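The values are calculated or read from the model by the stated rules, or taken from the named source; none is laboratory data. Computed from a prediction, not measured in an experiment: that's the story for all the values here. When we count neighbours, we look across all protein chains shown, and the Cβ atoms used for this are built from the backbone with ideal geometry, even at glycine.
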Amino acid sequence: MKTGLYLLTGVVTFLCSCQTAVLEPEAYMHWVNDKSNGLIKEQTIGKVKYTVAYRPGNYQLAKSIMDNDSFAMKKNTGKNHCFIIRMEPADGKTQVLTIDAQEKQEPFERINYYLSEAQNDIRLVEGADTLKPASYIYERYYNLSPAQSMVVGFSQKGSLGDKDLQFAIEDRVFSTGKIYFHFDADKLKNIPSLKTK
């Protein structure tokens, strides 16, 4: 009898551990932002540190629920991939836009590149599909921070967690060549569900 009880307990525990958690909006956002969950990747190339944070479609929905933004809630389909790319100096001090600049106007030329051209050097590979950005925003921090950020959105093709995602950026300002950030399907499959009601 005890053996059967232990076996049943083990099966129930296994089944529960395989189910994706359902989280309230605030807890969901906290989970996505926790580096230990594998949705934030970092690489340092030369004098620049690149951090790429993946935001699943439900992340923006969670934010709009927290902000009580009914317009954003209605518009959100949950079927998109969003990435935040943060570029910061490896030394933690130098303004990114001024790193190795030779001429006074060079930082302004770099701003123009990030404003209008950088999106052409960004792709997302979802399984066999190579996707171009569907949306792009360059966030400039002026002198409030030495860092710079870009927010890039892609239309989601398949179900989240079915395929690996590979985010690629080629930063022509710093001649990095293509930099790849890999997000495993297993990690994506573990993203909790969002409780919306």
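Return the residue satisfying two criteria in turn: it lies in the stretch 116-133 and is in contact with a His (Cβ under 9 Å, 6 or more places away or on another chain) and modelled with pLDDT of 95 or more, and of such residues it is farthest from A185 (Cα to Cα).
The qualifying residue farthest from A185 (Cα to Cα) is L131.
Looking at the structure I just gave you, is Y113 in a helix (DSSP H, G or I), of a type in the set (S, T, Y) and over 14 Å from R86 (Cα atoms)?
Judged against the criteria, Y113 is a match.
Show the residue pairs that are 6+ apart or on different chains and have beta-carbon atoms under 8 Å apart, the first residue being within the stretch 135-153 and of a type in the set (G, A, S), the second being part of a loop (DSSP other than H, G, I, E, B).
A147/Y141; S149/Y141; G153/P133; G153/A134
Could you tell me whether any residue of the stretch 62-84 is at pLDDT 90 or above, assigned to a helix (DSSP H, G or I), surrounded by 11 or more Cβ atoms within 10 Å (Cβ to Cβ) and of a type in the set (S, T, N, Q)?
No: the stretch 62-84 contains no residue that is at pLDDT 90 or above, assigned to a helix (DSSP H, G or I), surrounded by 11 or more Cβ atoms within 10 Å (Cβ to Cβ) and of a type in the set (S, T, N, Q).
Quick one: which residue in Y113, Y141 is closer than 22 Å to I45 by Cα and at pLDDT below 95?
Details: Y113 fails: at pLDDT below 95.
The conditions single out Y141.
Six or more apart or on different chains, Cβ under 9 Å: which pairs go from a residue in the stretch 175-190 that's exposed (fewer than 15 other Cβ atoms within 10 Å of the Cβ) to one that's of a type in the set (V, I, T) and modelled with pLDDT of 95 or more? Could you list them?
Filtered contacts from the stretch 175-190: G177/I45; K178/I169; Y180/V125; Y180/I169.
For the stretch 106-115, check the following and say yes or no: at least one residue is buried (at least 16 other Cβ atoms within 10 Å of the Cβ), touching a residue at least 12 places away in the same chain (Cβ under 8 Å) and charged (D, E, K, R).
Checked the stretch 106-115: at least one residue is buried (at least 16 other Cβ atoms within 10 Å of the Cβ), touching a residue at least 12 places away in the same chain (Cβ under 8 Å) and charged (D, E, K, R).
Check A128, A101 and return the single one that is touching a Lys or Arg at 6+ places or on another chain (Cβ under 9 Å), surrounded by fewer than 17 Cβ atoms within 10 Å (Cβ to Cβ), more than 22 Å from Y180 (Cα to Cα) and among the aliphatic types (A, V, I, L, M).
A101
Give the stretch 38-49 a look and list any residue that's more than 12 Å from the chain's Cα centre (by Cα) and either of a type in the set (S, T, Y) or not in a strand (DSSP E or B) (or both), or say none.
T44, G46, K47
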